[in-house]
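A short worksheet on the structure shown next.
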């Protein structure tokens, strides 16, 4: 079988047997090394997607491979949350040591983490006897997942409309508008959920004044402040947590994407005040915090939290922003972002540029309709950014002339 035949066989199988909820490009990824992916026909792709901000340490990392091999050598992949395991407890301790949190609950994805955060916020109010305090305030252009609760606080009509009615109690306010937040947050608010830097919504950083106002409003109305750092957290912006750059501390923080460099995991980090409201049976997950995934996540957190690693992200992230700003194209309206989480807002839809990138050996992804997003592995170097800029300049030039 030729490599072309193998590619077509895989695509035919996918189109015949997989639910068509994704529009995938016509190649099959087969292996990776560093920040480059290769398809079954040997074509190379410089990766500025990283599995959607997941593969922070890139591909073929020796520490990740060793952690997986060590975990497999014990012969136990799963025992469930009915029993103690060392990696589960050690990862929780590490995350608390590196953050504001006192306790952690593990799950399997970002959407699950946000579902847990919503439940935690409502349970805090319930434990205080405030049974009518159930509202969850969310913000325009936010994205918190596609399960029914998380979808209710993800205010995009095309995501929500086919699945209505969603979880009741979601209240929408305008992102970065203090006045709108003041109108939305009140005595019935159980929690407020916000991304310090919006990912899917277009790479939109919150203003410091806005996050400070949310903290003050939550304190005033005895509501739980939830920072969704699923995409912007764990080193992506140059500090371990995106909210560190704002000087504002949440009551709950949700994590997922990069936490185990590609293995499925999510986490709800919270204060003791929040955790004390949760009793046995209130929440759970069969697979959460398993031995294999927790062992790998420990390696990821330890590596990314090193000062020299974060300094690298800051330096290379600044270089990425500089190089993007240098591109002279009539199609670019704005360059924005922080660290290695960047986006360019375009005057045209972004998806055609993503598709053209495939031909150029470049992987990017859109964030909304007209923002091209760059969330590469955090190990990316300046030479890779130079190579990306060269390819992107060609793509933009051809699109402008089309």
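The values are calculated or read from the model by the stated rules, or taken from the named source; none is laboratory data. Quantities reported herein were computed from a predicted structural model and do not represent experimental measurements. Note that each Cβ is placed from the backbone with ideal geometry, even for glycine, and that neighbours are counted across all protein chains shown.
Worth a mention:
- Selection from region 169-191 of residues that are free of Cβ contacts under 8 Å to residues at least 24 places away in the same chain and surrounded by fewer than 16 Cβ atoms within 10 Å (Cβ to Cβ): 179, 183
- Every test in (1) within 18 Å of residue 239 (Cβ to Cβ); (2) buried (at least 18 other Cβ atoms within 10 Å of the Cβ) is passed by residue 318 save one, and that test is (2).
- Looking at 389, 395, 385, just one residue is within 24 Å of residue 239 (Cβ to Cβ) and in a helix (DSSP H, G or I), and that residue is 385.
- Set 240, 214, 269: member being outside the structural domain of residue 338 (by TED's automatic domain parsing) and assigned to a helix (DSSP H, G or I): 214
- Residue within region 291-314 that is assigned to a loop (DSSP other than H, G, I, E, B), touching a residue at least 40 places away in the same chain (Cβ under 8 Å) and within 30 Å of residue 174 (Cβ to Cβ) present: no
- Taken over region 343-370, the residue count meeting the criterion of being part of a strand (DSSP E or B), surrounded by 24 or more Cβ atoms within 10 Å (Cβ to Cβ) and under 17 Å from the mean Cα position of the chain (by Cα) is 1.
- Residue 277 fulfils the conditions (1) part of a helix (DSSP H, G or I); (2) crowded, with 17+ Cβ neighbours inside 10 Å except for a single criterion, (1).
- When the criteria are applied in full, residue 376 meets the requirement of being in the same structural domain as residue 311 (by TED's automatic domain parsing), in a loop (DSSP other than H, G, I, E, B), crowded, with 23+ Cβ neighbours inside 10 Å and touching a residue at least 60 places away in the same chain (Cβ under 8 Å).
- Residue list for region 54-92, filter: surrounded by fewer than 13 Cβ atoms within 10 Å (Cβ to Cβ) and closer than 15 Å to residue 289 by Cα: 76, 77, 78, 79, 82, 83, 84, 86
- Looking across region 243-266 at every residue that is assigned to a loop (DSSP other than H, G, I, E, B) and more than 18 Å from the chain's Cα centre (by Cα), the one that is surrounded by the fewest Cβ atoms within 10 Å (Cβ to Cβ) is identified as 247.
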